[in-house]
Amino acid sequence: MSPLLRLLLLLALAAPLVAQEPPQNAQPQRPSSPTGTVTIAADRVEMTLQKSAMLEGNVEVVFLPDGETRQTLQKQIPGEDQRVILNADQMKVFFREGSSTPAKIQAIGRVRIHTADGKSATGDQGMWDLEGENAIFLEGKCTILADGRVMTSSRIRYDLKENRFEAARAVLTLPVESRKDTSPLELLAPPQQ
């Protein structure tokens, strides 16, 4: 292959790569927050209009997503009930400035997340930034229960858009099925080739 042909081939292959690079002054795009309806219930509510609300006793936040988040959940979870439920002893809801739309929810005491597909997580305290990440964070003594598995951790992140739990420094407990027709010594033996 001639040097000129190699140079033209190299330039042709490099052009699409250069065209795909974002401009240097472009801001990285943050994933959009999920949209939907938030319903909040509690035994006692104390509210400062358009600033915050303090909720106590059997506090429950139900989030029904719409748009892309709902479509993602519907692909993963059969049925129509695509709700995420957050429970706690106490919650403080912070509103967007000048509106009654919740911006952040801080949960304290026996915090629990329940997903539509039967997964759940618990923690001592939690934070849900409805304007920031698509996630609810739990801290303290945390546990995830999913598909017969138990995971413990000091920090859990629940990604609403992906319907996925992540844990830091976690311990995972898995169920093990034993076969009744196999002796314990046979289980310890290496597999036969």
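Considering only region 98-128, how many residues are of a type in the set (D, E, K, R) and free of Cβ contacts under 8 Å to residues at least 40 places away in the same chain?
Of the residues in that region, 4 qualify.
Residue 115 versus (1) under 18 Å from residue 157 (Cα atoms); (2) modelled with pLDDT under 85; (3) open to solvent by 10 Å² or more (accessible area, probe 1.4 Å); (4) not acidic (Asp, Glu): which is the lone unmet condition?
Here residue 115 meets the rest and fails (2).
Determine whether residue 149 is open to solvent by 60 Å² or more (accessible area, probe 1.4 Å), touching a Pro at 6+ places or on another chain (Cβ under 9 Å) and modelled with pLDDT of 85 or more.
Yes; evaluated as a whole, the condition is true for this residue.
Is it the case that residue 97 is open to solvent by 50 Å² or more (accessible area, probe 1.4 Å), modelled with pLDDT of 75 or more and not in a strand (DSSP E or B)?
Against the criterion (open to solvent by 50 Å² or more (accessible area, probe 1.4 Å), modelled with pLDDT of 75 or more and not in a strand (DSSP E or B)), residue 97 qualifies.
The values are calculated or read from the model by the stated rules, or taken from the named source; none is laboratory data. Bear in mind that the values here come from a model prediction, so they are computed numbers and not experimental data. No Cβ is skipped: glycine too gets one built from the backbone with ideal geometry, and neighbour counts run over all protein chains shown. Side chains are part of the model used for accessible areas, which takes the heavy atoms of the whole protein and leaves out ligands, DNA and RNA. Shrake-Rupley method; radii C 1.70, N 1.55, O 1.52, S 1.80 Å.
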